[in-house]
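Trainee: Handing you this structure, nothing more for now.
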Amino acid sequence: MSAAIVLLDGSWLVAGHFSYDAHNYGLLFLMILPLVAAGAFYGNVRRDDALNAMLSCASFLIVFPAGCALLSYLLVTVAGPRIDTLLAAADRAIGFDWLGLMGFIAQYPKANLLLKMAYVSVMPQTVVLIFALGFGKKIAELYRLSLALAIGALVTLAVWTLAPSFGAFSVYTLPDAVAGNWVSFWASIMGNRW
């Protein structure tokens, strides 16, 4: 699956004359080599099925999402019509006030930081899960996890390509006071990088 995504990305990049961050993708490739080599070693030379599965799945779960991320940008060129306004109308129809929610949560920077940490914790949680399943010798579960994540990514890409959405910020403009709270919040987190 990873090879197919990488081949599709590479072919599309060449055919479409796109530019991409070759340096970082090259670094990613160099990072994968030791994992693949170690997986092959523990799969063929020093037989340890659990360690082989853990290393192989770790390799897969680095290459496949990176390939899908690049593919998502390429798919923008063939994506269907955006559905952001339809989603915003559906929100309003059920009584959801996005601007009100943004104004409310901007008043609570610590709660917002907690929510951000929960959101960005998905990748570290996946890494911990890979280690837990691998060291727990739950080989079948490890492969099922990898397959489930891959299928989920492919379904997401397919649905997004047919009906792309760029989020509520593409529909709404935050009031100046609320936007100022958000800028202050992110500046306090990011420091000089902001």
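Trainee: Using Cα springs under 10 Å in a Gaussian network model of the chain, which residue among GLY103, GLY80, GLY95 shows the largest mean-square fluctuation?
Mentor: It is GLY95.
Trainee: Would you rank LYS116, LYS110 by solvent-accessible area, highest first, keeping every protein chain in place and using a 1.4 Å probe?
Mentor: Putting LYS116, LYS110 in descending order of accessible area: LYS110, LYS116.
Trainee: Putting +1 on Lys and Arg Cβ atoms and -1 on Asp and Glu Cβ atoms, find which of GLY167, HIS23, GLY39 reaches farthest to the positive end of the dipole of the chain.
Mentor: GLY39
Trainee: Okay, moving on. Compare the Cα positions of VAL63, ILE105, ALA50 along the charge dipole of the chain (+1 at Cβ of Lys, Arg; -1 at Cβ of Asp, Glu; about the Cα centre) and return the one farthest towards the positive end.
Mentor: Result: ALA50, furthest along the dipole toward the positive end.
Trainee: Give, as a single signed number, the net charge of other residues whose beta carbon lies under 14 Å from the beta carbon of VAL171, with Lys and Arg counted +1 and Asp and Glu -1.
Mentor: Taking every other residue near VAL171 into account, the sum is -1.
Trainee: How far is helix 2-16 tilted off the main Cα axis of the chain, in degrees rounded to 10, range 0 to 90?
Mentor: Long axis of 2-16 versus the principal axis of the chain: about 60 degrees.
Trainee: May I pose another question? Which distance in nm do the two modelled labels at TYR73 and ALA158 give, with both placed 7 Å along the Cα-to-Cβ direction?
Mentor: Placing both labels 7 Å beyond Cα along the Cβ direction yields 2.5 nm.
Trainee: Once phi is turned into ³J(HN,Hα) by the Karplus curve 6.51 cos²θ - 1.76 cosθ + 1.60 with θ = phi - 60°, what whole-Hz value does each residue of the stretch 110-115 show in order, with x for glycine and proline?
Mentor: With coefficients 6.51, -1.76 and 1.60, one gets 5, 5, 5, 4, 4, 5 Hz.
Trainee: As a test question: what accessible area, to the nearest 10 Å², does ARG92 have when a 1.4 Å probe is rolled over all protein chains in place?
Mentor: Approximately 140 Å² of ARG92 is accessible to the 1.4 Å probe.
Trainee: A further question follows. Compute the angle between helix 139-162 and the longest alpha-carbon principal axis of the chain, please, reported from 0 to 90 degrees and rounded to the nearest 10.
Mentor: Taking the Cα atoms of the chain, the angle to 139-162 is about 40 degrees.
Trainee: Under a GNM of the chain (C-alpha, springs under 10 Å), which listed residue has the highest mean-square fluctuation: ILE32, ILE130, ILE94?
Mentor: So, out of ILE32, ILE130, ILE94, the one fluctuating most is ILE94.
Trainee: Obtain the nm distance between the two label points defined at TYR172 and ILE94 by a simple spin-label model: each point lies 7 Å from its Cα along the Cα-to-C-beta direction.
Mentor: Between TYR172 and ILE94, the simple spin-label model gives 1.5 nm.
Trainee: Place a +1 charge on the Cβ of each Lys and Arg in the chain and a -1 charge on the Cβ of each Asp and Glu, then give the dipole magnitude about the Cα centre in debye, rounded to the nearest 20.
Mentor: That gives the chain a dipole magnitude of about 420 debye.
Trainee: Relative contact order of the chain, please, whole-number percent, based on alpha carbon pairs below 8 angstrom and at least 6 residues apart.
Mentor: That works out to 30 percent.
Trainee: Give the angle, between 0 and 90 degrees and rounded to the nearest 10, that separates the Cα long axis of helix 49-75 from the longest principal axis of the Cα atoms of the chain.
Mentor: Once rounded, the angle reads 40 degrees.
Trainee: Moving to a separate point now. How big is D, in µm² s⁻¹, for the chain by Stokes-Einstein at 4 °C and 1.567 mPa s if Rh is the Kirkwood radius over C-alpha pairs?
Mentor: 65 µm²/s
Trainee: To continue, here is another question. Could you put ASP9, ASP97 in order of accessible surface area, largest first, with the 1.4 Å probe and the full protein assembly present?
Mentor: ASP97, ASP9
Trainee: With θ set to phi - 60°, apply the Karplus curve 6.51 cos²θ - 1.76 cosθ + 1.60 along the stretch 22-34 and write out the HN-Hα couplings as whole Hz, x wherever there is a Gly or Pro.
Mentor: Listing the rounded values in order: 4, 4, 5, 5, x, 4, 4, 4, 5, 6, 6, 3, x Hz.
Trainee: Please list the non-local residues whose amide H lies under 5 Å from the amide H of PHE18, H modeled 1.01 Å from N, same-chain partners needing a gap of 5 or more.
Mentor: Here the answer is none, since no amide H 5 or more places off falls under 5 Å of that of PHE18.
Trainee: Once you have the Cα-Cα distance between SER11 and LEU113, take 0.36 nm times their residue separation minus that, and quote the gain in nm to one decimal.
Mentor: That works out to 32.7 nm of additional length.
The values are calculated or read from the model by the stated rules, or taken from the named source; none is laboratory data. Computed from a predicted structure; not experimentally measured. As a convention, Cβ positions derive from the backbone with ideal geometry for all residues, glycine included, and neighbour counts pool all protein chains shown. Calculation scope for accessible area: heavy atoms of the full protein, side chains included, ligands and nucleic acids excluded. Shrake-Rupley method; radii C 1.70, N 1.55, O 1.52, S 1.80 Å.
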